Amino acid sequence: MGILNVTPDSFSDGGRFAHLEPAVEQAFRLVEEGASILDIGGESTRPGAAPVSEEEELRRVLPVVEALAGRIHARLSIDTYKPAVAEACLRAGAEMINDVTGLRDARMASVAAAHGAAVVIMHMRGTPATMNQETAYSDVVAEVKAFLSRQATAARAIGVDEIILDPGIGFAKTAPQSFELLRRLGEFADLGCPLLIGPSRKSFLATLPGMEKLGDRLEGTLAASVIGVMQGASIVRVHDVKECRKALAVADAVKG
Ligand code: HH2
């Protein structure tokens, strides 16, 4: 899953693809590099990010979905927690909703079901503005798993057929908790859904030597991606698709 942030303020690529033409160019580049899903986002969810209005988010993402739908060889995913944004993008040709709030708004599952769209249910707590203060868990894996299980059951009952689960690396997680989720990702297998992880360039890597700066996190991203796939992830959400493809080819070859 290649990341396409149509935002002025995303933590690692904010502003680079904020206009239609560079965003569309980047989409084709990511697919050429090997992305089979494009995740289009119009609101940054980095820690401390301010929310944007529905209108502004749609103004950013809808033209990109419209420009790509039917023209690009990849599934289009819309990274939003707002049902109206998801609905408009599905109408325009997107096929997947990536909801970082894990269907907290129950209308989201109905929107997905009505369009036959796939849904990514991600675990987080609070909002990007508050999540770094909400990291107390007795067992992070058990609590994240219970949430994902509950939300998947609810979504299935509403008629969502394709459900992908994501523990939400860096979302209301300390760095050790993010590492623990990766280490124990195999424990999510019995939920019976494909697993997605999003380690790309994230600040949990910055706790390791030499990765403090954003630009120095590629190798760490690749290592985390390979570990995630070896633990059962089948989708990895990344900025650096070409490099990740190569790293994951090794993981796939080892897995056989
Ligand atoms: N991480 C980010 C955004 N969306 N979706 C899923 N399913 N999983 C993730 O781990 C995830 C996500 C944050 O990364 P990014 O899009 O690079 O930054 P920003 O939120 O600042 O736009």
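Structure above, values below:
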| item | result |
| --- | --- |
| Residue among ILE37, ILE72 that alone is of a type in the set (Val, Ile, Thr) and touching a Phe, Trp or Tyr at 6+ places or on another chain (Cβ under 7 Å) | ILE72 |
| Subset tally (residues that are within 14 Å of the ligand (Cβ to nearest atom) and charged (D, E, K, R)) for the stretch 163-187 | 2 |
| Residues that are closer than 24 Å to PHE147 by Cβ and without any contact (Cβ under 8 Å) to a residue 24 or more places away in the chain, drawn from the stretch 88-113 | ILE97, ASP99, THR101, ARG104 |
| Top-ranked residue of the stretch 23-44 - restricted to ones that are of a type in the set (S, T, N, Q) and crowded, with 18+ Cβ neighbours inside 10 Å, ranked as nearest to ARG245 (Cα to Cα) | GLN26 |
| Among (1) touching a strand residue (DSSP E or B) at 6+ places or on another chain (Cβ under 8 Å); (2) surrounded by fewer than 14 Cβ atoms within 10 Å (Cβ to Cβ) - the single one ARG156 does not satisfy | (2) |
| GLY210 being exposed (fewer than 15 other Cβ atoms within 10 Å of the Cβ) and at pLDDT below 95 | no |
| Leading residue by the ranking (surrounded by the fewest Cβ atoms within 10 Å (Cβ to Cβ)) among those in the stretch 9-22 that are farther than 13 Å from ARG59 by Cα and more than 9 Å from the ligand (Cβ to nearest atom) | GLU21 |
| Residues of the stretch 227-240 classified as crowded, with 20+ Cβ neighbours inside 10 Å and away from the ligand (no atom under 13 Å from the Cβ), total | 1 |
| Residues of the stretch 212-239 that turn out to be under 23 Å from SER77 (Cβ atoms) and not hydrophobic (A, V, I, L, M, F, W, C), as a count | 9 |
| Any chance GLY48 is of a type in the set (Gly, Ala, Ser) and surrounded by fewer than 16 Cβ atoms within 10 Å (Cβ to Cβ) | yes |
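The values are calculated or read from the model by the stated rules, or taken from the named source; none is laboratory data. Since the model is a prediction, treat every value here as computed from it, not as a measurement. Methodologically, a virtual Cβ is constructed for each residue, glycine included, from the backbone with ideal geometry; neighbour enumeration extends over all protein chains shown.
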